[in-house]
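Here's the structure, in structure tokens; my notes come after.
The values are calculated or read from the model by the stated rules, or taken from the named source; none is laboratory data. None of the values given here were measured: they were computed from a predicted structure. Using ideal geometry, Cβ is built from the backbone for each residue, glycine included, and neighbour counts are taken over all protein chains shown.
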Amino acid sequence: MSKKTRVLLISGSPRDGNTNFLLRKILDGLKLPTECILLKDMDIKHCIGCLTCHTKSKCAIDDDMDNLLSKMVEAEVIVIGTPNYFDNVSGLLKDFIDRTHPLYKSEALKGKKLFLIMVGGGSPEGTQKFLDSSTYGFIKYQKLELTASYCFKALDKNDVEKGEDTIVKVNKVIEEINNVL
């Protein structure tokens with residue numbers, strides 16, 4: 001990164017489908033230093049519960065997570081996208097959330113603006129309930145400022161592209177991100 005990343009987008013999708021389509025649209029619409037991380041392309045292991053991060057602000061596991069944590073601390077806005085899997089975030093995103101624990105005691109993410117994007121096959125209102133529930137602890141304990149969350153209806157790989165209100169909602173996300181910077 002040559003310029004400081006102002007907006008960090010993180011995709012918890014294991015495939016290149018609806019979630020990544022939405023994040024790419026947001027990325028394309030922002031005219032400021034922005035980076036998009038695809039967790040599927042990173043080496044992020046499961047948290048092993050060793051509690052090393054309770055005494056050090058670093059994880060005992062040697063993988064790509066240290067670099068990602070640094071990027072999160074540097075960013076002003078974090079946008080996280082995930083598909084809805086059994087009324088929860090994807091496994092990739094859950095591993096990522098668990099591995100942010102080294103930032104907990106230092107409160108390094110405190111007050112960072114957070115936007116959540118979830119894509120699910122059910123109604124957006126139902127998906128919203130599950131997004132709120134599955135991210136509650138992460139937001140609370142990392143002291144993030146949830147600025148907005150958006151849910152999109154899509155089941156098959158390219159459904160979100162066909163959604164009547166997709167671009168309107170994406171443009172609203174872009175506008176809200178620009179407003180908080």
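Restricting attention to segment 69-104, the residues being touching a strand residue (DSSP E or B) at 6+ places or on another chain (Cβ under 8 Å) and hydroxyl-bearing (Ser, Thr, Tyr) number 2. Here segment 116-154 is the region considered, the condition is being basic (Lys, Arg) and out of contact with any helix residue (DSSP H, G or I) (no Cβ under 9 Å at 6 or more places or on another chain), and the residue that is nearest to Val89 (Cα to Cα) is Lys129.
For Lys40, indicate whether it is modelled with pLDDT of 95 or more and either exposed (fewer than 13 other Cβ atoms within 10 Å of the Cβ) or farther than 17 Å from Ile177 by Cβ (or both).
Numbers: modelled with pLDDT of 95 or more: yes; either exposed (fewer than 13 other Cβ atoms within 10 Å of the Cβ) or farther than 17 Å from Ile177 by Cβ (or both): yes.
Yes.
Flag set for Ile117, criterion: surrounded by 13 or more Cβ atoms within 10 Å (Cβ to Cβ) and in contact (Cβ under 8 Å) with a residue 60 or more places away in the chain.
Being of a type in the set (A, V, I, L, M), touching a strand residue (DSSP E or B) at 6+ places or on another chain (Cβ under 7 Å), in contact (Cβ under 8 Å) with a residue 40 or more places away in the chain and in a helix (DSSP H, G or I) is the filter here, so list the residues in segment 122-181 that pass it.
Restricting attention to segment 122-181, the residues satisfying the condition of being of a type in the set (A, V, I, L, M) are 131, 139, 144, 146, 148, 154-155, 160, 167-168, 170, 173-174, 177, 180-181.
If we keep only those that are touching a strand residue (DSSP E or B) at 6+ places or on another chain (Cβ under 7 Å) as well, we get 131, 139, 144, 146, 148, 154, 160, 173, 177, 180-181.
Checking the rest, the ones that are also in contact (Cβ under 8 Å) with a residue 40 or more places away in the chain come to 131, 144, 154, 160, 173, 177, 180-181.
Scanning segment 122-181 gives Leu131, Val160, Val173, Ile177, Val180.
Please state which of the following conditions Tyr85 fails to meet, knowing it meets all the rest: (1) at pLDDT 95 or above; (2) within 18 Å of Ser11 (Cβ to Cβ). With respect to (1) at pLDDT 95 or above; (2) within 18 Å of Ser11 (Cβ to Cβ), Tyr85 is out only on (1). Of the residues making up segment 54-99, those that are within 17 Å of Leu38 (Cβ to Cβ), among the polar types (S, T, N, Q) and surrounded by 17 or more Cβ atoms within 10 Å (Cβ to Cβ) are Thr82, Ser90.
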